[in-house]
Amino acid sequence: MQTHQYDVVIVGAGGAGMRAALESSGRARTAVLTKLYPTRSHTGAAQGGMCAALSNVEEDNWEWHTFDTVKGGDYIVDQDAAEIMCREAIKAVIDLEKMGLPFNRTPEGRIDQRRFGGHTRNHGEAAVRRSCYAADRTGHMILQTLYQNCVKQGVEFYNEFYVLDLVLAESEAHGGEPAVAGVIAYELATGEIHSFRAKAVVLATGGAGKVFKTTSNAHTLTGDGMGIAFRRGLPLEDLEFFQFHPTGLAGLGILLSEAARGEGGILRNSEGERFMERYAPTIKDLAPRDIVARSMANEVREGRGCGPNRDYVLLDLTHLEPAHIDAKLPDITEFARTYLGVEPYTEPIPVYPTAHYAMGGVPTNTDAEVLRNNTETVPGLYAAGEVACVSVHGANRLGTNSLLDINVFGRRAGIAAAKFAQDAPWVEMPGSPEQHTLNLLEDIRGRAQGERVADLRRTLQETMDRDVQVFRTEESMTEALEVVQQLKERYQHVVVQDKGKRYNLDLLEAVELGFLIELAEVVVLGALARKESRGGHFREDFTKRDDENFMVHTMAYRTPLGANEQRGVSIFTDKVRLDYKPVNVTRYQPMERKY
Amino acid sequence: MSTTTSADSNRGPVVTDLTTKSPYERRTHSRGNFELWSWLFMRASGVLLLVLVFGHLFVNLMTGDGIKGVDFAFVAGKWSSPFWQFWDLLMLWLAELHGVNGVRTIINDYTERDSTRLVLKTLLFLSALLVMVLGTLVIFTFDPCIDPNSTLQQCTGR
Amino acid sequence: MSVDAPSKKPIAEAVEVPTFQITLRIERYNPEFDTESHYEDYEVTVHGTDRVLDALHTIKWDMDGSLSFRRSCAHGVCGSDAMRINGKNRLACKTLVKDVNPDKPITIEPIKGLPVEKDLIVDMEPFFDSYREIMPFLVTTGHEPTHERIQSQADKDRFDDTTKCILCAACTSSCPVFWNDGQYFGPAAIVNAHRFIFDSRDEAGDQRLQILNDKEGVWRCRTVFNCTEACPRGIEVTKAIAEVKRAIITRRV
């Protein structure tokens, strides 16, 4: 085993991780550990834009943006956090421009802005042009720009290092409470274990979309950061709120940006009807994602779907000028051509909702400090991006707010972590901190026969798609819970064929599956307990929002692994405990959510 | 268990045990403009050679008696004029340099070992030098009356 | 056309997707057991809409778990899975099986010119080293403006093509010059230099041009056009290199 020591260790090199690294590397010795090369991160798949009330093309105001964010999140957004995000959005966009991001421009040469779902003028009057964009590859440009600036600053990366454990130790200096001591990482190239001692750790590992089968998420988005925190006894907040993006390529889940509708695209059912007029008369196709996704699923369920199995609806761009499509939506039209053989100039594109974004995650406060219960933080532990739940997205994230989230809270996490590392004392690593990770890996690798990883994963993903997707019921989720609990049992017998050390991605997938199963259970339990419908969480047996009982954040806990756990792959606990945390309401009282 | 701490110099990720001299690590930085001029020269000489070569072919093959007219006397006649001496000299030098530079490029691109590269390039440059020196010498020291019994106009008129 | 007119083709592709058998011939190499690489054949059933990546996943997940390859986003934006498919550099996730002559065995090899680590995984460090050498970041001097820098859309469009690069290495590893001599900067590094050289906001163009004026810089490009053909993002790579050459000549001569 190799040991390393840094002031700040950042886990994950997507948008949030690299934004944090840009802040912290100038202030403290920083290492970025990432299981992928930084430019492979899924930030690069984001398309539409990043909203900020710049008022470059029409009157706008960050307070309106805050309102839209709170309303879009079905009022379970922590409003102090949303205010910070929307206020700092303006600086975040300008910062990116100064770093070199090639935004599309207005005729005056300023950053151009366009409409996006759920973003409105003056508290819902009409759609507003708020999204700053670079064609339909804004996320790609953000990821590249951040990486470029990391190269410029000489940020130290450990590429293809997979962090498998978070080391917490009780620390005298922090009043005997658990504090960060470091992380344990597995080097993919050699199979070697590395221990990184650090004063501060920033989790920026992204989402967990792979708990679902149809998803816009990358194969590598397996909730690793959420999983390692959860196993160490830290809570997960609001994981039942999962966003299903309306326009995934039918059958594939590949994302077609909301920008397609922002630029004038229209959703139609098999009768050619623009059905969103019925569901959201004011802003129609630009309603928030949860509403559009549910409307689409409803059209299909009521027999107005298209295709041989009537299982999708159509995104119609044919009335737009091909030149306009090429200028504003080049990538996504290419996806339609490549993967479905559909020519968007002349044919509508088959689309269906796809699992897209985890609103929930590791709970943090507005300085990105991770909470270990409703009020107390873990000294030295930070989280930002999709892995975290601040919560600025509430029950449903507005389009473009994820790119905003990673930039605003990535930056805050980097600054806070570096500042903490400058003042804080080192926390002693416990003896053999790597033991749990070694056991975990060797148990799987050492098993001679058993079940294939892929079989379990398929069962998990198909179950989640069938039972816990856009429409949820007590019955469907009880069934899903049963399957997930069986999978926990079956996971004890999972086997890999590759027994080697170097680039053992077979082993990696087995470990990732463990996180997925663990998180799926939290999703289902949280959703079962939330007997209401709110944002991305829609219960057919409780179709109304219930502010009296459920205007609270879910906090899920499990029994933590011991400091020096010897349990190997029996990593799951029997019991997940659910608790609740109040929502921070500042100026917007919950109202009915109509568009 | 090996231990590297923050003070350690090799704290960066050790991805592969590359040999001390990686074939990828850029060894030198040239700050001159040689490759630039060489690239420009290839284009310029190429264009010029098109004119020179086709001019040469046209005069030799299309005018007068065509190919049947090309003999010792014909060459002697041409080289008695400084214009054709200069034309042929330019053509020789440009063609040789253009070719040598092209082959140099190919050697650079396709040899794998530095020693092979050195040997091949040395041979190339020596051969080029030989051709150019000999060619130049021939053009300027060419004597049409080297045969004492020559019946050529230039010789009989003396 | 009226916006609310029923779409012309309400029920698209009302046909069952066919499935067929293919053979993948994959170059395998495991440094822990093998001294050199060998080919292995796999029979796979695929759907008409499957990508090569789906076929590789079928092998990894259901047949031979030891097969190793990088992949992430699976729709051509992350650049993880560049490989040689039937001798051509392609992203496995952007190449449909039906488009690569599935009647014959489909050959899959790691990209050329970079050291193979295992199966289809190559060492990307040399590639990123070249990238980092060309100063791939915006350089400006003087006071920072309080707002964004002003740039016209035309000025932005000047380098738009090369901003699409995802650093997958398909271009660099398709270049015959790079195959034989890892010293060459390679198309990807030049493309990323181009992105900044032609950015009206940037002030380090001359430095980058000086770096690329190196013996191993743009002048080693032989305009083979392999890179343009290989680019999964449709970047006109060779054209970008030519523009950099022209810029060096006009600024330095």
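For segment C:161-205, name all the residues that are among the charged types (D, E, K, R) and in contact with a Lys or Arg (Cβ under 7 Å, 6 or more places away or on another chain).
Of all residues in segment C:161-205, those among the charged types (D, E, K, R) come to C:161, C:164, C:181, C:195, C:199, C:201-203.
Listed by number, the residues that qualify are C:LYS164, C:ARG201.
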Next on the checklist: Quick check on segment C:124-144: of everything there that is within 8 Å of chain A (Cβ to nearest Cβ) and free of Cβ contacts under 8 Å to residues at least 40 places away in the same chain, which residue is nearest to A:LEU36 (Cα to Cα)?
Outcome noted: C:PHE128
Checklist outcome for this item: In segment A:39-77, residues that are closer than 28 Å to A:THR222 by Cα and touching a Leu at 6+ places or on another chain (Cβ under 7 Å) total 12
Item to check | All positions within segment A:144-168 that are touching a helix residue (DSSP H, G or I) at 6+ places or on another chain (Cβ under 6 Å) and either within 14 Å of chain C (Cβ to nearest Cβ) or of a type in the set (D, E, K, R) (or both) | outcome: A:THR145, A:LEU146, A:TYR147, A:ASN149, A:CYS150, A:VAL151, A:VAL155, A:ASP165
Checklist entry - What is the one condition in (1) touching a residue at least 60 places away in the same chain (Cβ under 8 Å); (2) crowded, with 22+ Cβ neighbours inside 10 Å; (3) farther than 20 Å from A:PRO102 by Cβ that C:THR95 does not satisfy? => result (1)
Checklist entry - What single numbered condition from (1) crowded, with 17+ Cβ neighbours inside 10 Å; (2) touching a helix residue (DSSP H, G or I) at 6+ places or on another chain (Cβ under 8 Å); (3) part of a strand (DSSP E or B) fails to hold for C:THR45? => result (1)
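Can you say whether C:LEU24 is touching a residue at least 24 places away in the same chain (Cβ under 8 Å), within 26 Å of C:THR163 (Cα to Cα) and outside the structural domain of C:SER173 (by TED's automatic domain parsing), as far as the supplied structure shows? It would help to see each step written out before you state the result.
Working: touching a residue at least 24 places away in the same chain (Cβ under 8 Å): yes; within 26 Å of C:THR163 (Cα to Cα): no; outside the structural domain of C:SER173 (by TED's automatic domain parsing): yes.
Taking the combined requirement at face value, the residue does not satisfy it.
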Checklist outcome for this item: Going through (1) part of a helix (DSSP H, G or I); (2) more than 19 Å from A:ILE291 (Cβ to Cβ); (3) among the aromatic types (Phe, Trp, Tyr) one by one, A:PHE103 fails only at (1)
Checklist outcome for this item: Checked segment A:266-283 for anything within 11 Å of another protein chain (Cβ to nearest Cβ) and assigned to a helix (DSSP H, G or I); matches are A:GLU277
Next on the checklist: Tally up the residues in segment A:217-247 that are within 13 Å of another protein chain (Cβ to nearest Cβ) and surrounded by 24 or more Cβ atoms within 10 Å (Cβ to Cβ), please.
Outcome noted: 5
Checklist entry - Among the listed residues B:LYS78, B:LYS121, which satisfies the condition of being surrounded by 17 or more Cβ atoms within 10 Å (Cβ to Cβ), free of Cβ contacts under 8 Å to residues at least 24 places away in the same chain and away from chain C (no Cβ under 12 Å)? => result B:LYS78
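Rundown of residues vs (1) assigned to a helix (DSSP H, G or I); (2) touching a strand residue (DSSP E or B) at 6+ places or on another chain (Cβ under 8 Å), yes/no style:
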residue: C:ARG25; (1), (2): no, yes
residue: C:ASN30; (1), (2): no, yes
residue: C:THR35; (1), (2): no, no
residue: C:TRP61; (1), (2): yes, yes
Checklist entry - Mind checking which pairs have a first residue in segment A:89-114 that is under 16 Å from A:VAL57 (Cβ atoms) and at the interface with chain C (Cβ under 9 Å from one of its Cβ atoms) and a second that is assigned to a helix (DSSP H, G or I) and small (Gly, Ala, Ser), Cβ under 9 Å, 6 or more apart or different chains? => result A:ASN104/A:ALA327; A:ARG105/C:ALA154
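State whether the residues of segment C:191-209 include one that is among the aliphatic types (A, V, I, L, M), within 13 Å of chain B (Cβ to nearest Cβ), surrounded by 24 or more Cβ atoms within 10 Å (Cβ to Cβ) and assigned to a helix (DSSP H, G or I). Before the answer, list the steps.
Our first condition is that a residue be among the aliphatic types (A, V, I, L, M); within segment C:191-209, this holds for C:191, C:193, C:197, C:204, C:209.
Now drop any that are not within 13 Å of chain B (Cβ to nearest Cβ), which leaves C:209.
Next cut, surrounded by 24 or more Cβ atoms within 10 Å (Cβ to Cβ) only: none.
No, every residue in segment C:191-209 fails to be among the aliphatic types (A, V, I, L, M), within 13 Å of chain B (Cβ to nearest Cβ), surrounded by 24 or more Cβ atoms within 10 Å (Cβ to Cβ) and assigned to a helix (DSSP H, G or I).
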Checklist entry - C:ARG84 is checked against (1) away from chain A (no Cβ under 14 Å); (2) out of contact with any strand residue (DSSP E or B) (no Cβ under 8 Å at 6 or more places or on another chain) and fails just one. What number does that condition carry? => result (2)
Checklist entry - Looking at segment A:28-49, is at least one residue within 14 Å of chain C (Cβ to nearest Cβ), touching a Lys or Arg at 6+ places or on another chain (Cβ under 7 Å) and more than 17 Å from A:GLN148 (Cβ to Cβ)? => result yes
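Does segment B:78-89 hold any residues that are assigned to a helix (DSSP H, G or I) and touching a helix residue (DSSP H, G or I) at 6+ places or on another chain (Cβ under 8 Å), and which are they?
To start, the set of residues in segment B:78-89 that are assigned to a helix (DSSP H, G or I) comprises B:78-79, B:82-89.
B:LYS78, B:TRP79, B:TRP84, B:GLN85, B:TRP87, B:ASP88, B:LEU89 - these are the residues of segment B:78-89 that are assigned to a helix (DSSP H, G or I) and touching a helix residue (DSSP H, G or I) at 6+ places or on another chain (Cβ under 8 Å).
Every residue, every condition in (1) at pLDDT 90 or above; (2) within 17 Å of B:LEU134 (Cα to Cα); (3) not in a helix (DSSP H, G or I), yes or no:
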site	(1), (2), (3)
B:ALA44	yes, no, no
B:VAL51	yes, no, no
B:LEU61	no, no, no
B:ILE67	no, no, no
B:MET91	yes, yes, no
B:GLY102	yes, no, no
Checklist entry - Here are A:TYR312, A:TYR345, A:TYR339: which of them is over 26 Å from the mean Cα position of the chain (by Cα) and either at negative phi or surrounded by fewer than 24 Cβ atoms within 10 Å (Cβ to Cβ) (or both)? => result A:TYR345
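Please count how many residues of segment A:169-201 are within 14 Å of another protein chain (Cβ to nearest Cβ) and either in contact (Cβ under 8 Å) with a residue 60 or more places away in the chain or closer than 22 Å to A:ILE415 by Cβ (or both). Working first, answer last.
Going through segment A:169-201, the residues within 14 Å of another protein chain (Cβ to nearest Cβ) turn out to be A:182, A:184-199.
Next, from what is left, pick out any that are either in contact (Cβ under 8 Å) with a residue 60 or more places away in the chain or closer than 22 Å to A:ILE415 by Cβ (or both): A:182, A:184-186, A:188-199.
The total comes to 16.
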Next on the checklist: Of the conditions (1) of a type in the set (Ser, Thr, Tyr); (2) crowded, with 16+ Cβ neighbours inside 10 Å; (3) under 26 Å from C:CYS221 (Cβ atoms), B:TYR110 satisfies every one except a single condition; which number is it?
Outcome noted: (2)
Next on the checklist: Any residue that is buried (at least 23 other Cβ atoms within 10 Å of the Cβ), of a type outside the set (Gly, Ala, Ser) and not assigned by TED's automatic domain parsing to the domain that holds C:ASP34 - is there at least one of those in segment C:78-92?
Outcome noted: no
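Among the candidates C:ILE85, C:ILE59, which residue alone is under 14 Å from the mean Cα position of the chain (by Cα) and among the hydrophobic types (A, V, I, L, M, F, W, C)?
Numbers: C:ILE59 fails: under 14 Å from the mean Cα position of the chain (by Cα).
Matching residue, one of C:ILE85, C:ILE59: C:ILE85.
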Item to check | Index of the failed condition, C:TYR184 passing every other in (1) away from chain B (no Cβ under 14 Å); (2) more than 25 Å from A:ILE111 (Cβ to Cβ); (3) modelled with pLDDT under 95 | outcome: (1)
Checklist entry - Quick one: which of A:GLN461, A:GLN492 is more than 26 Å from the chain's Cα centre (by Cα) and not charged (D, E, K, R)? => result A:GLN492
Item to check | Subset of segment C:210-253 [surrounded by fewer than 17 Cβ atoms within 10 Å (Cβ to Cβ) and among the acidic types (Asp, Glu)] | outcome: C:GLU229, C:GLU236
Item to check | Inter-residue pairs, beta-carbon under 7 Å, first at the interface with chain A (Cβ under 8 Å from one of its Cβ atoms) and on the phi > 0 side of the Ramachandran plot and in segment C:50-76, second buried (at least 23 other Cβ atoms within 10 Å of the Cβ) and assigned to a strand (DSSP E or B), 6+ apart | outcome: C:GLY76/C:LEU91
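The values are calculated or read from the model by the stated rules, or taken from the named source; none is laboratory data. Model, not experiment: these values are computed from the prediction. Every residue, glycine among them, receives a Cβ derived from its backbone with ideal geometry; neighbour counts consider all protein chains shown.
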